[in-house]
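The structure appears below as structure tokens.
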Amino acid sequence: MEWTRLMVLDLAPGEAWAHECGESEWIVLPLSGACEVRWAFEARGAGQSPGNGPEVFQLHGRNGVFSGVTDFVYLPRDADAEVRSAAGGRFALVGARCETRLPARYGPAAGVPVELRGAGQCSRQVNNFAAAGPDGFDCDRLIAVEVLTPGGNWSSYPPHKHDEHHPGEESRLEEIYYFEIAPHGDTPGLGYQRVTPSPAGKTDVLAEVRTGDAVLIPDGWHGPSIAAPGHDMYYLNVMAGPGATREWLIRDHPDHGWIRGTWDGQDVDPRLPFPRPPRPRAEDHR
């Protein structure tokens, strides 16, 4: 991928990962567990940067991707960083090649906008932790969100694309989908991801996805993302592109865009939002 970056770290208790940001900006996002992030600028770039470090951020994290939103930290390009977890966990590093150095910053979980999108069997939840727009988290090129889809539902639907630059209508963005699928008891979860060729690209993918899988989308109509019944689906979207303006503008597939018109008469899936409240016990009703 030319613009987008993704790393997923599985750290054992006490383990640390050294990370060079290089020409990309990065966000450290806990998927499960807590961690400490240390950073400083490389000596050769320190005089050109907004603050040199060293600095330490404590991320409280979360139990898992379905247990709620998480805090995160933004790291500027050219920085050196270390991610260390005392108790261990899984951590995503999402990035984008960029030109501008922005300050390192902490993003609190309480500040993450949560959106319920679609309706009926197209209902999903979007955690807009690094979305574009006036109310989004400031990055140079990186756009990143989390999407949670109840089992049996379709998300990333209708299929849409953003592989051409049309001012005010469509932005040119690569995209990565990283998946985690909830099990049912001892049965691992699964789902499906579709990408079809567009006038601007040839990507053609129908993939069965499980926890830890990623689908790369340099171009094409993408969607649906299908959660198998009984298995909630999580995916992390990472987007970036060459446009001068950081924005997310999409075009719906002309054969399927009509589905949006049916949502007005439907309720949002009552299983949303995540995390779900615990089911009442039988004795609670006595």
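Summary table
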quantity	calculated
Per-residue ³J(HN,Hα) for the range 140-151, Karplus 6.51 cos²θ - 1.76 cosθ + 1.60, θ = phi - 60°, Hz, x for Gly and Pro	7, 10, 5, 10, 8, 9, 10, 10, 10, 10, x, x
Hz values of 3J(HN,Hα) by residue in the range 9-20 - Karplus curve (6.51, -1.76, 1.60), Gly and Pro given as x	9, 9, 9, 6, x, x, 7, 10, 10, 8, 9, 9
Share of carbon and sulfur in the accessible heavy-atom surface of the chain [1.4 Å probe, %]	52
Sites VAL8 and ASP267 - FRET efficiency at Förster radius 35 Å, r taken between beta-carbons, to 0.05	0.50
Cut-off under 5 Å, modelled amide H: who pairs with SER198 long-range	THR203, GLY220, TRP221
Relative contact order (percent, whole number), the chain, Cα cutoff 8 Å, 6+ residue spacing	20
Gaussian network model of the chain, Cα within-10 Å springs - most flexible of PRO270, PRO242, PRO158	PRO270
Nearest-20 debye value, the chain charge dipole, Cβ charges on Lys, Arg, Asp, Glu	520
Estimated D of the chain in µm² per second, where Rh is the Kirkwood radius over Cα pairs and Stokes-Einstein applies at 37 °C, 0.692 mPa s	166
Hz values of 3J(HN,Hα) by residue in the range 184-198 - Karplus curve (6.51, -1.76, 1.60), Gly and Pro given as x	10, x, 8, 8, x, x, 8, x, 9, 10, 10, 9, 10, x, 10
Solvent exposure of the range 153-286 as accessible area per residue, Å², 1.4 Å probe	53
Amide H contacts under 5 Å for GLY151, placed H, 5+ residues apart	GLY230, HIS231, ASP232, MET233
Pair GLU208, ASN63: separation of 7 Å Cα→Cβ label points (nm)	3.0
Under-5 Å amide H pairs with HIS184, H placed in peptide plane, nonlocal only	GLY189
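The values are calculated or read from the model by the stated rules, or taken from the named source; none is laboratory data. Predicted model, so just to flag it, every value in this text is computed and none were measured. All Cβ positions, even for glycine, are placed from backbone atoms using ideal geometry, and neighbour counts span all protein chains on display. The accessibility values were calculated without ligands, DNA or RNA, using every heavy atom of the protein model including side chains. Shrake-Rupley method; radii C 1.70, N 1.55, O 1.52, S 1.80 Å.
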